[in-house]
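Student: One structure coming up, written as structure tokens, with questions to follow.
The values are calculated or read from the model by the stated rules, or taken from the named source; none is laboratory data. Note that the structure is a prediction, hence the values are computed from the model and not measured. All Cβ positions, glycine included, derive from the backbone under ideal geometry; neighbour counts span all protein chains shown.
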């Protein structure tokens, strides 16, 4: 009986979090629409075809995909209350997330160094807004992961820690799904 | 979504492998500069991305084995409707504005309107 009640409460928490994710998705949709409208307005500045390096972005994509995979495995071990394996897989996710973020910042820095700042053209403004917002989500996900780790260190693998880890897992999968579309619409369509 | 049903590691491995294959397929199509028309290529890329979306929703977010009533799926579908209106609507409107008119067309339009 108690377990059933717990399950119902968890389902409610998931639905609440899911509603947040869907509204976040709508925000990303608005940014994608802006990008789709402005992508050809380069105003004499280089277009995506000249700026983006596809092999570099492929590596970024595969890193984020792998981190989405490890976070899923980590959630399974969290539910089994296996602290060591949970730490390994969430640790791997954290490292992969940091590498991804570092690659994105390096890409931005490279663009900035060549004078391709958001002020340069409408295309670059919409590009930096879209990809930068995704990077900001990754950053907050990493911070959230650190906070959950501190929580687990203090309280152990309680039901509430498992719920937090599961929600983080869902958030991370969501970010990977958004990245699929950034990869396709910004980088692949930009290359042809 | 549902903790009651046993979610196995193999589900994630399968989803991961399918996602990697779909990503690489799209990547090599873009890199090898296949002889396809660019419109066909855009359609192929979008279809591959949508397949990967479904793969990740099913294998990573387990939307297929959510318990009934499927509120999560329902709300996702509603959001999808909003997204379609937002993106298709924006592109449709913005590519049909006088944005696409020639200066001559703009002059004719202005002259045809009284008070301008």
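Student: Select from region A:38-66 the residues that are within 30 Å of residue B:96 (Cα to Cα) and in a helix (DSSP H, G or I) and list them in ascending order. So that I can check it myself, show each step before the final result.
Tutor: First, the residues of region A:38-66 that are within 30 Å of residue B:96 (Cα to Cα): A:38-52.
Scanning region A:38-66 gives A:38, A:48, A:49, A:50, A:51.
Student: Mind telling me which of the residues A:162, A:182 ends up being within 13 Å of chain B (Cβ to nearest Cβ), without any contact (Cβ under 8 Å) to a residue 60 or more places away in the chain and part of a helix (DSSP H, G or I)?
Tutor: Details: A:162 fails: without any contact (Cβ under 8 Å) to a residue 60 or more places away in the chain.
After applying the criteria, what remains is A:182.
Student: Can I ask one more? Looking at (1) farther than 22 Å from residue A:175 by Cβ; (2) within 8 Å of another protein chain (Cβ to nearest Cβ); (3) at pLDDT 90 or above, which one does residue B:4 not meet, given that it meets all the others?
Tutor: Here residue B:4 meets the rest and fails (3).
Student: Can you go through B:48, B:86, B:57, B:73 and tell me which one is surrounded by 15 or more Cβ atoms within 10 Å (Cβ to Cβ), more than 8 Å from chain A (Cβ to nearest Cβ) and at pLDDT 90 or above?
Tutor: B:73
Student: For the condition touching a residue at least 24 places away in the same chain (Cβ under 8 Å) and either away from every other protein chain (no Cβ under 14 Å) or under 13 Å from the mean Cα position of the chain (by Cα) (or both), what is the one hit in A:147, A:167, A:175?
Tutor: Details: A:147 fails: touching a residue at least 24 places away in the same chain (Cβ under 8 Å); A:167 fails: either away from every other protein chain (no Cβ under 14 Å) or under 13 Å from the mean Cα position of the chain (by Cα) (or both).
Residue meeting the stated conditions: A:175.
Student: Taking region B:52-72 on its own, how many of its residues are free of Cβ contacts under 8 Å to residues at least 40 places away in the same chain and more than 17 Å from the chain's Cα centre (by Cα)?
Tutor: Going through region B:52-72, the residues free of Cβ contacts under 8 Å to residues at least 40 places away in the same chain turn out to be B:52-54, B:57, B:64, B:68-71.
When the remaining residues are screened for being more than 17 Å from the chain's Cα centre (by Cα), the result is B:64, B:68-71.
Summing the residues that are free of Cβ contacts under 8 Å to residues at least 40 places away in the same chain and more than 17 Å from the chain's Cα centre (by Cα) in region B:52-72 gives 5.
Student: Sticking with this one: Select, from A:14, A:69, A:94, A:89, the only residue that is in contact with a helix residue (DSSP H, G or I) (Cβ under 8 Å, 6 or more places away or on another chain), within 13 Å of chain B (Cβ to nearest Cβ), in contact (Cβ under 8 Å) with a residue 24 or more places away in the chain and assigned to a helix (DSSP H, G or I). Can you show your working first?
Tutor: Numbers: A:69 fails: in contact (Cβ under 8 Å) with a residue 24 or more places away in the chain; A:94 fails: within 13 Å of chain B (Cβ to nearest Cβ); A:89 fails: in contact (Cβ under 8 Å) with a residue 24 or more places away in the chain.
Just one listed residue meets the conditions, A:14.
Student: Of these, A:83, A:131, which one is more than 14 Å from chain B (Cβ to nearest Cβ), out of contact with any strand residue (DSSP E or B) (no Cβ under 9 Å at 6 or more places or on another chain) and surrounded by fewer than 16 Cβ atoms within 10 Å (Cβ to Cβ)?
Tutor: Values: A:131 fails: surrounded by fewer than 16 Cβ atoms within 10 Å (Cβ to Cβ).
Testing whether each residue is more than 14 Å from chain B (Cβ to nearest Cβ), out of contact with any strand residue (DSSP E or B) (no Cβ under 9 Å at 6 or more places or on another chain) and surrounded by fewer than 16 Cβ atoms within 10 Å (Cβ to Cβ) leaves just A:83.
Student: Would you confirm whether or not region A:50-64 contains a residue that is at the interface with chain B (Cβ under 10 Å from one of its Cβ atoms), closer than 20 Å to residue B:56 by Cβ, surrounded by fewer than 18 Cβ atoms within 10 Å (Cβ to Cβ) and out of contact with any strand residue (DSSP E or B) (no Cβ under 8 Å at 6 or more places or on another chain)?
Tutor: Yes, the conditions are met somewhere in region A:50-64.
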